[in-house]
């Protein structure tokens with residue numbers, strides 16, 4: 001399964017809620033990314049807005065904002081980076097949900 005982030009070119013994308021609305025929470029997470037561009041290591045941040053359903057264990061991505069336009073090419077053009085971001089968010093949600101320290 002390949003994660004696809006929404007196109008945030010024209011603002012926030014509003015998703016239609018599915019399933020039981022009571023277990024869906026909306027969250028925003030900041031992710032720091034280091035990436036190579038033209039032989040130079042750069043860094044920046046992603047602000048990812050998403051809905052999480054604990055009953056379905058699903059993430060619905062609503063909006064992504066990039067601190068650098070070059071980072072967008074790096075993230076959206078690389079399925080491994082997309083999977084890593086998805087895994088990072090899911091791990092953080094598990095820690096929050098089950099209070100794992």
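Rounded, prolate or oblate, given the Cα gyration tensor of the stretch 23-98, with a/c below 1.5 counting as rounded? Walk me through the numbers on the way to the answer.
Working: a/c = 2.46, a/b = 2.23, b/c = 1.10.
Cα axes put the stretch 23-98 in the prolate bin.
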*In what order do 32, 50 fall by count of nearby beta-carbon atoms within 10 Å, going from fewest to most?*
32, 50
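Among 46, 94, which comes first, then next, by fewest other beta-carbon atoms within 10 Å?
Details: 46 19, 94 12.
By the 10 Å Cβ count, ascending: 94, 46.
Just so you know, all these numbers are worked out from the coordinates, no wet-lab data involved. Treat the numbers as computed from the prediction; the structure is a model and nothing was measured. Reconstructed Cβ throughout: ideal geometry from the backbone, glycine too, with neighbour counts over all protein chains shown.
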